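Presented below is the structure to which this report refers.
The values are calculated or read from the model by the stated rules, or taken from the named source; none is laboratory data. Keep in mind that what you see is a predicted model, and the values were worked out from it rather than measured. No Cβ is skipped: glycine too gets one built from the backbone with ideal geometry, and neighbour counts run over all protein chains shown. Ligands, DNA and RNA are stripped out before the accessible areas are found, and what is left, the full protein with its side chains, is counted by its heavy atoms. Shrake-Rupley method; radii C 1.70, N 1.55, O 1.52, S 1.80 Å.
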Amino acid sequence: MPFLPSGKPCWLLLLIVFPAILVSAQNTGRLFGYVKDSRTQQAIPGVSILLEGTTLGITTDERGYYSLTGVPPKSYNIRASYLGYKTLTKFDVVVTTGNAVALDFDLEESASELGEVIIQASPFIKTLETPNSIQSLGQQEIKSYPGGNNDVAKVVQSLPGVSGSVGFRNDIIIRGGAPNENVYYLDAVEVPIINHFATQGAAGGPAGILNVSFIKDVTLASGGFAARYDNPLSGVLQFQQRTGNPENRQFNFRLSATEVAGTLEGPLGKKNGNTTFIASVRRSYLQLLFKLIGLPFLPSYWDYQYKVTHKIDDKNELNLVGVGSIDRLTLDPPTGREDGETLPEFYSRLAILDGIPTNNQWTSTAGINWKRLIKNGYFNLTASGNLFTNKAEKYENDDPNQPARFLYNSSENEGKLRFDLTRTYGTWTLSYGANLQYSAYTNSTFNRIRNQTLDAQGNVLEPGFTVDYQTRFSFWRMGAFGQLSKSLLNDKLKASAGIRTDGNTFMDKGLDFTRTLSPRLALSYSLTNSFNLNASVGRYYKIPPYTILGFRDPGTNELVNRRTKYIRSDHYVAGVEYLPTQATRITVEGFYKKYNNYPVSALNGISLANFGGDFQILGNEAVTSNGKSRAYGLEFLVQQKLTNNLYGILAYTWYKSQFTGADGSTYIPSAWDNRNLISFTGGYKFPRNWELGVRFRYLGGRPYTPIDSAATLRDYEVAGGIVLDYSQLNTQRLRAFNSLDARLDKKWNFKGWFLDVFLEIQNVYNSSNPDIPSYTLIRNEDGSIQKPNQLIGLAPDNSTILPTIGLIIEL
């Protein structure tokens, strides 16, 4: 619910009344979870689970399961230890009297032969395949992220190398790569769309689909990708979901500035049985808020998410996973100036409306994963399907009875089968597998791009240009991989080598698997218990998006982009890691990425790597595959897990991102070339369940392309806004941007339920948002365009402080 400074915030009453009630209540919470071997995934019985600073603890049973009751509500660091394994500590585990906390441990075998000596495992994620360029955020770090509005897609913007977007969108831009260079996994199921109102051909959008109440942790790999993943060029994001409570039903209700959400979980069937579920539904009320503040477009959405886990026996487990969304964007065009509205404000509203079509999207992903434990290992078999439909319309004067400017109707349908097996042989680990995918794509496009130019006598000087075509096709994709890893020198040196290849039945030479052979190598050496040297090198391939593959020449009806190639990216990464304490990590990494075969627009010679960060459709045009790119830089990270009530992440990245156009030789800054990124996210836990979190961001000014005034005057009404002068591509640069967000939480633990009331303030010191210079046409009082066309500049006013309150209830 929006916080109204002029009103009397009734939630302050809670701060007065609830503490008095709390004093008289002595309530406790519960922890449960499983402990497994990190390499083989076998259950480990007899593991000691201890809450640091207390005498509370328990040991796991023969299933590796534990359930600890009677835990006083507060934040704990929780330790799991067992002879022969490294002791692992999970930090900042918040126990409440509401929902029970699911907390799993994956323990790593110790190479030491020192008997009873305790060897600590690092709480910071690091794998044999990916020893560097990998970061992870835990459940509490995700839930309390300030300025994120409970949006998981925004949380990763606190990690090094991730620039994100300024403003409304959730674009994840990693180390200077385009937003469509990442892949996303929800448990073992690939999810191509993670945002509402997604940019087709990319992945960004204004709000995330995934429900924060489901997420156990988020892991980002920005280099050194394991060979099991196909299609990443810049990042692999893994969203690990927790399982439902096996003992009791519980409910989570969340109300925020933009949405209301409910999550239900528990056992299916008898208590402590073999089947659990967790399911949620969310509804936005953005359309009401936008209507209230006078914006001319009204977005609304629903989404849902579920997970069902069934343990067949001690070696077999099934997981059914699903997520989907329904998005609707309608327009609310003004009929004239409102009372008290200035002319510039009126023009700004109309300029926003000029470039926005009505839009309806539907996404759905569902998958089932079978995980089976075998001797010294395990395998995963995953079958999944996903559907994305996207319909957009724009008419003259936003009147369906007038001529159309833009009509678009598209669908993407995928069916996937993945298999991977991991087995250990002493200090060796072998992984291999394959994937098969059926893809179907349809597209109907009508797009008036350019008006014809006439002389004084009405003769045509330059013809107009309209794209009008329909396409429908399907094809198969397939791939295979292998990866071999080994620990040497008493676990001081770790090495991993992998290779994969991919093909398809659509592209010319798509079945030549030698063209996509992608080897990779990763090394990690422990100089001391605190210092590690890490390095990786690898080649990665990505198939162009369906919007590119499915484009037909309007004149010949030919699928002209069959000749495109897989986009290639070669990564070189090296760095040092220092662990001064068990809870602190400092890393410095250098990286270099070199791209080949990048799609370049045949219409204007511009690399498509510069697009995908807005609400347009990426790649719905003819392209060539002669573009190149390079991105290189240096990253610095300090991460502090909860210690003495303080936690935080400080990251700095310096980088350059450059792409070529059609000539393949002249490098210019890309649209993501911010150069300098600084982020700090942290918080402090005060007594009596108060917590303050802050997020600071600094993004260097990004390049932009100036306006083509003549083309804008001619084509504004069909282009839906200004036309850019691509002969001066990215020759201008915006000023740098910085902002501070804050979140204050107050929590109460009652008997059998829990309440968290939070106040979140975005852009605390009212920093203005740098934006590309905006223009529109001079209008009449009723909003119609004056003739002849005349441009007028709009002074962007993107400075706003956004305070909101929300609440979370657990039952």
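Computed from Cα positions, the angle between helix 709-719 and the longest principal axis of the chain comes to roughly 70 degrees.
Of the solvent-accessible surface of the chain, computed with a 1.4 Å probe over protein heavy atoms with every protein chain present, carbon and sulfur atoms account for 58 percent. Expressed as a rounded percentage, what relative contact order does segment 730-811 have, with Cα pairs under 8 Å and six or more residues apart? The normalised contact order for segment 730-811 reaches 34 percent. Distances between placed amide hydrogens fall under 5 Å for residue 74 paired with 95, all partners being 5 or more residues away or on another chain. The dipole here belongs to segment 217-268: it is taken about the Cα centre, uses +1 on the Cβ of Lys and Arg and -1 on the Cβ of Asp and Glu, and is about 20 debye. Think of the chain as a dipole: +1 on every Lys or Arg Cβ, -1 on every Asp or Glu Cβ, centred on the Cα centre; then among 161, 608, 525, 525 lies furthest on the positive end. What's the extension gain from residue 397 to residue 800 if we count 0.36 nm per residue and subtract their Cα-Cα distance? Gain on stretching residue 397 to residue 800: 142.1 nm. Note on residue 767 and residue 517: their simple-model spin labels are 4.8 nm apart, each label 7 Å out from Cα toward Cβ.
Here segment 490-605 is treated with +1 on each Lys and Arg Cβ and -1 on each Asp and Glu Cβ, and its dipole about the Cα centre works out to around 120 debye. Estimated at 0.36 nm per residue, the fully extended path between residue 360 and residue 789 surpasses their Cα-Cα distance by 151.3 nm.
Each residue of segment 368-416 gets 82 Å³ once the volume of the Cα convex hull is shared out per residue. When the P(r) of segment 65-135 is calculated, the portion above 20 Å amounts to 44% of the C-alpha pairs. Can you list which of the GluC sites (Glu not before Pro) found in segment 540-618 are DSSP loop residues with at most 15 other C-beta atoms within 10 Å? Loop-located and lightly packed - 558.
Looking at segment 746-811, the trypsin sites (Lys or Arg not before Pro) that sit in a DSSP loop and have at most 12 other Cβ atoms within 10 Å of their own Cβ are 751. At a probe radius of 1.4 angstrom, the accessible area of the chain per residue rounds to 41 square angstrom. Pairs of C-alpha atoms in segment 232-278 farther apart than 13 Å represent 65 percent of all such pairs. Label positions at residue 676 and residue 559, each projected 7 Å from the Cα along the C-beta direction, are separated by 4.8 nm. Near residue 336, once Lys and Arg are set to +1 and Asp and Glu to -1 for all other residues with Cβ below 12 Å from its Cβ, the sum equals -2. Under 19 Å from a label point set 7 Å out along the Cα-to-Cβ vector of residue 125, the amide N atoms of segment 529-565 belong to 534-536. A Förster radius of 22 Å combined with the Cβ-Cβ distance from residue 274 to residue 38 puts the calculated FRET efficiency at roughly 0.40.
Within straight-line reach of residue 751, meaning a Cα separation under 13 Å, sit the following aspartates and glutamates at least 8 residues removed in sequence or on another chain: 810. Within segment 678-741, the trypsin sites (Lys or Arg not before Pro) that combine a DSSP coil assignment with at most 10 other C-beta atoms in a 10 angstrom radius are 688, 735. For the pair segment 195-252 and segment 375-418, the centres of their Cα atoms are 18 angstrom apart. Placing R0 at 60 angstrom, the Cβ-Cβ distance between residue 468 and residue 48 gives a FRET efficiency of 0.30 after rounding to 0.05. Considering every alpha-carbon pair of segment 88-200, the percent of pairs per 10 Å bin, from zero through the bin containing the longest distance, is 10, 33, 33, 18, 6, 1. Only lysines eight or more places from residue 307 in sequence, or on another chain, were considered; those with a Cα closer than 26 Å are 36, 90, 143, 154, 216, 270, 271, 315, 371, 416. Normalised by 2.2 N^0.38 Å, with N the number of residues, the alpha-carbon radius of gyration of segment 293-350 equals 2.28. When segment 252-349 is described by a simple charge dipole with +1 on each Lys and Arg Cβ and -1 on each Asp and Glu Cβ, the residue from 294, 269, 253 located farthest towards its positive end is 269. Taking 0.692 mPa s as the viscosity and 37 °C as the temperature, the Stokes-Einstein diffusion coefficient of segment 530-654 based on its alpha-carbon Kirkwood radius rounds to 187 µm²/s. Note on residue 604/residue 780: beta-carbon distance plugged into 1/(1 + (r/R0)^6) with R0 of 45 Å gives a FRET efficiency of 0.85. Along each principal axis, taking the top coordinate minus the bottom one, the Cα set of segment 143-296 gives 51, 50, 26 Å in descending order.
Please report the relative contact order for the chain, taking Cα pairs under 8 Å with a sequence separation of at least 6, and give it as a percent rounded to a whole number. Computed over the chain, the figure is 11 percent. Note on the chain: Cα-Cα pairs beyond 36 Å make up 47% of the total pair count.
Only Lys, Arg, Asp and Glu carry charge here, each on its Cβ (+1 for the first two, -1 for the last two); on that basis the chain has a dipole of about 1920 debye about its Cα centre.
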